[in-house]
Amino acid sequence: MLQWIRKHWTIIIGAIITIAFMVYCYGCEPKTKSLITPNKLVNRLELQLEFDQIVGLSQIRMLDLDQQEQFRAIVLQNALVLVQGNPLNPLGIITAIAGVYGVMQGGSKVTKAVKTGIQKRKVNNG
């Protein structure tokens, strides 16, 4: 047995190194610091999930800002019409209220669509 080992020591060493390398590659996946919790290490899929979550949250907040800016613009336009001395137009007030309501509903539907898209990505990736 000892002579067989001496005769085939290169093959044995090569097999041991190959097995150790395969165990290392399979068992030790690369990890990096988390975007949300820097003390935690995450793999590629977890990092992508955190990134999608941050992007989705920023999209929702941008939609909220857009909705606030549109509402502000409508209020300022109606105030400008009233300041210019034009007589009070009931049809214009109703139109303005309907416009504000439409902007609010559109913003909430887009926000819901973005949230459901994020949830679907979480389910598909997780």
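Being in contact with a helix residue (DSSP H, G or I) (Cβ under 6 Å, 6 or more places away or on another chain) and assigned by TED's automatic domain parsing to the domain that holds GLY117 is a property that holds for ILE60. No other residue among VAL123, VAL110 is assigned to a helix (DSSP H, G or I), within 30 Å of LYS31 (Cα to Cα) and modelled with pLDDT under 80 apart from VAL123.
The values are calculated or read from the model by the stated rules, or taken from the named source; none is laboratory data. All values reported here derive from a predicted model rather than from experimental measurement. Cβ coordinates were reconstructed from backbone atoms using ideal geometry, including for glycine residues, and neighbour counts include every protein chain displayed.
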